[in-house]
Structures are given as structure tokens and as C-alpha cells.
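One structure is given below, encoded as C-alpha cells.
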Amino acid sequence: MSSKPRDVTDSELSVLDVLWEQPDATIREITEAIYEESSPSAHATVQKLLERLEAKDCVTRDRSGFAHRFRAIVERSELIGRELEAVADKLCEGSLTPLLLHLAGRTNLTDAERKQLRKLINGTK
């Protein structure tokens, strides 16, 4: 796997969402999870998205069975981090602080989330 997969589109993210919830899924299972009605075109779309994700080192394919099975090899947290860094680069001259302050100020954080943020700020586990 490469050290940093390339950007993931919204459509590709839909496929990854399924794989994060249902590892080792077939194209059919992924298609059924994304689309209300499975059709040959929906199946082909998911197949193409999986090929792109495989080329980006985001998924791996198990070819040992009749139906190939797919598994996400990129973590959700890695994609979140890269997306936030890209927004910070674009809007905040690379600093995450304004972005985090904005998000924290616009969100009703639970006590547990506030406690977790304090631990991060204080550098404690």
C-alpha cells in the first residue's frame, strides 16, 4: 500500500462507507447497500468504483472465491485527517486551529466529547 492514497470522490466514499461497515463484501453486496434497486448499470458502476479504489490503494480484492470479496485498507480516520488538512491548507494557510475552533464553536459537544478534546489539548491519553 502506498503511504498516502490519492483523493477519494464522494461516490468512492460511498463504497468505502459500506466496506467499513461490512468488511469482505462482494460487488453485489456493496451494490445492494448503496442502491435501492440493483441493476446491471449499478453493478457496473460499483465495479468501476472498486477498480479505482483498488488503484488508489484504498481497497484490496480477494480473488480466491467465485465472487471476489473486497476490504477497505484505508482507515476512515486517515481520510478524515487528509480532508481536514486539505481544507486547512486551502482556507487557513495550513493551520488546523481556526478550523477546529470553528467546528467546536458550531457544534453542541457532549460532555464526553469535551473531555476528549481537553485530553487532546493537554496531550494526555
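All of the numbers you see were taken from the coordinates with simple rules; none came from a lab. Keep in mind that what you see is a predicted model, and the values were worked out from it rather than measured. No Cβ is skipped: glycine too gets one built from the backbone with ideal geometry, and neighbour counts run over all protein chains shown.
A few comments on the model shown:
- Condition check for Arg76: surrounded by fewer than 16 Cβ atoms within 10 Å (Cβ to Cβ) and in contact (Cβ under 8 Å) with a residue 60 or more places away in the chain: yes
- Flag if Pro40 is out of contact with any helix residue (DSSP H, G or I) (no Cβ under 6 Å at 6 or more places or on another chain), surrounded by fewer than 17 Cβ atoms within 10 Å (Cβ to Cβ), touching a residue at least 12 places away in the same chain (Cβ under 8 Å) and not aliphatic (A, V, I, L, M): no
- Residue in the range 55-73 that is free of Cβ contacts under 8 Å to residues at least 12 places away in the same chain, of a type outside the set (Lys, Arg) and outside any loop (DSSP other than H, G, I, E, B) present: yes
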